[in-house]
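Engineer: My questions will all concern the structure given below.
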Amino acid sequence: MRGGRTLPQELLVDYLLFIDKSGQVRCRQHWGIMPAFTMEKLMSVIWVDADACPRAMRDIIIRGAERSGITATFVANHALPLPRLALIRMITVPGGADAADQLIIERAEAGDLAITSDLPMALELIEKDVEVLTARGESLTSDNIRARLNIRDFMETMRGSGEMTGGPSRQNAQDVREFANAFDRALTRRR
């Protein structure tokens, strides 16, 4: 286990974590607002840049969080229809270009898992030793992120000069399978 973590108030509004007599982490519904406090980090957190996360990927993340017992926190500038489950959190941030990204960058810690296709955000998370997956199941690491950013910047320059480069292809069933497999491997490493 790593050092203590300050848990923000909004993560503890609905549920209270406690350890039962057998040493198992349990969750009890709680309807009061609890102040932020510091506790030992029990496990990794899955951070989801939910503004552009396709529904199929959200469903996979929710099922994986339930199966693994790891909290999944979806961050977006609008509310998403998520099930009310103990390990599923939704944080809605005020509108802004990168408000959701900044919140994830601020709160993610080493050992956490982030799901995003935002390459500049991924770079900052990788520098904090956060594992990053894209919605297509690609693992972004310190070995490949700079090359990906260079390609992105080059394509942006081409588009700026009037060149028609097109965007990424639409997600298909193979992309969903690849994401599910990569996500499952990432969860397995956290057990």
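The values are calculated or read from the model by the stated rules, or taken from the named source; none is laboratory data. On a predicted model such as this, the values are computed, not experimentally measured, just so you know. Virtual Cβ from ideal backbone geometry, glycine too; neighbours counted across all protein chains shown.
Engineer: Filter the range 47-64 for residues that are out of contact with any Phe, Trp or Tyr (no Cβ under 8 Å at 6 or more places or on another chain) and either closer than 15 Å to Ile105 by Cβ or outside any helix (DSSP H, G or I) (or both); which is modelled with the lowest pLDDT?
Structural biologist: Here the answer is Asp51.
Engineer: In the range 121-148, which residues are in contact (Cβ under 8 Å) with a residue 40 or more places away in the chain and in contact with a Gly (Cβ under 9 Å, 6 or more places away or on another chain)?
Structural biologist: Val130, Glu131
Engineer: Let me ask something else about it. Going through the range 106-118 one residue at a time, which ones are more than 18 Å from Leu187 (Cβ to Cβ) and crowded, with 19+ Cβ neighbours inside 10 Å?
Structural biologist: Hit for the range 106-118 is Asp118, nothing else.
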